[in-house]
Amino acid sequence: MPAYAPHSATARIHPDLRERIVLLDLPPGSRLTEESLAREYEVSRTPIRTVLARLHSGGLVEQQHGAGAVVAPIDTRVLRDVWRVRLHITELLQDFLALPADPQIVGQLRTLQSRAATVASPRTFGVLYSRYHELLLELVTSATLRGIHDTLFQQTLRAWLSVLPRMDLAEELESVTEELDLSIELVQSAPAAELAAMWQHFIALRFDRFNEQLSRPQL
């Protein structure tokens, strides 16, 4: 078994396990035992315990009596509140955006833009949108605001992906392509307030579509 330092192991495992939860590879209710995860990631239980605690604080894992750690359910009532908080927090971004963006970030946004045409499933859609979110976060200079916004994003992305199979994927992809196009333009020359307003607009748009899906009767 490789001898990973606890800190480096946590930094390696946390984003991977979080992505598996957010992309619904591990659906709500999945058990997350320290023993099985330690074997899978080839580490001791100590970093796994730290990772599970971080995921719990991020709203993605909960502790159930007698069952241990499990992937948290998607509570739509709670998620609506989370989405509203995201909208308010986005208003603060204009004070903490480093613009114009580094050309490397612009180049990576263009790569995502070209890759959007190949998206064919909710999961690949989630991977693309998550990467887009990571690139925009690189522009946020406040580590505190970046961390809060990222935590809330992960929760809402998981909820959105849970209803995406019921939606028109082509229509959602068109919306994200529009968002990418605007982002590439704005990060290069626009005032920070304009980029923040665009970010907020598309968060609100997805929130509205999420609510619309929840209001429709299940077949």
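Condition first: in contact (Cβ under 8 Å) with a residue 12 or more places away in the chain, in contact with a Pro (Cβ under 6 Å, 6 or more places away or on another chain), farther than 22 Å from Arg84 by Cα and part of a helix (DSSP H, G or I). Can you find one or more residues in region 167-187 that meet it?
Among the residues of region 167-187, not one is in contact (Cβ under 8 Å) with a residue 12 or more places away in the chain, in contact with a Pro (Cβ under 6 Å, 6 or more places away or on another chain), farther than 22 Å from Arg84 by Cα and part of a helix (DSSP H, G or I), which makes the answer no.
Scan (1) over 17 Å from the mean Cα position of the chain (by Cα); (2) under 27 Å from Arg216 (Cβ atoms) for the single condition Asp181 breaks and write down its number.
(2)
Filter region 20-43 down to the residues that are touching a residue at least 12 places away in the same chain (Cβ under 8 Å), surrounded by fewer than 19 Cβ atoms within 10 Å (Cβ to Cβ) and over 25 Å from Arg131 (Cα atoms) and list them by number.
Correct list: Gly29, Arg31, Thr33, Glu34, Glu42.
Restricting attention to helices (runs of 4 or more DSSP H) lying wholly within region 1-118, give those where 1 or more residues are acidic (Asp, Glu) and farther than 30 Å from Trp199 by Cβ.
It comes to 34-41.
Does any residue in region 44-70 that is touching a residue at least 60 places away in the same chain (Cβ under 8 Å) come within less than 6 Å, Cβ to Cβ, of a residue that is outside any loop (DSSP other than H, G, I, E, B) and surrounded by 16 or more Cβ atoms within 10 Å (Cβ to Cβ) six or more places away or on a different chain, and which pairs are these?
Gly58/Thr151; Gly59/Gln155; Leu60/Ile21
Could you say which residue among Arg158, Arg206, Arg131, Arg146 is in a helix (DSSP H, G or I), closer than 17 Å to Val106 by Cβ and either in contact with a Cys (Cβ under 8 Å, 6 or more places away or on another chain) or in the same structural domain as Thr90 (by TED's automatic domain parsing) (or both)?
Of the residues listed, the single one that is in a helix (DSSP H, G or I), closer than 17 Å to Val106 by Cβ and either in contact with a Cys (Cβ under 8 Å, 6 or more places away or on another chain) or in the same structural domain as Thr90 (by TED's automatic domain parsing) (or both) is Arg131.
If you check Leu152, Leu109, Leu99, which single one turns out to be of a type in the set (A, V, I, L, M) and either closer than 26 Å to Pro28 by Cβ or in contact with a Lys or Arg (Cβ under 7 Å, 6 or more places away or on another chain) (or both)?
So the residue among Leu152, Leu109, Leu99 that is of a type in the set (A, V, I, L, M) and either closer than 26 Å to Pro28 by Cβ or in contact with a Lys or Arg (Cβ under 7 Å, 6 or more places away or on another chain) (or both) is Leu152.
Yes or no: Leu164 touching a Phe, Trp or Tyr at 6+ places or on another chain (Cβ under 8 Å), touching a residue at least 24 places away in the same chain (Cβ under 8 Å), of a type in the set (A, V, I, L, M, F, W, C) and within 27 Å of Arg77 (Cβ to Cβ)?
Here the answer is yes, as Leu164 does meet what is asked.
The values are calculated or read from the model by the stated rules, or taken from the named source; none is laboratory data. If you're wondering where the values come from, they're calculated on a predicted model, not measured in any experiment. Note: ideal-geometry Cβ built from the backbone for every residue, glycine included; neighbour counts use all protein chains shown.
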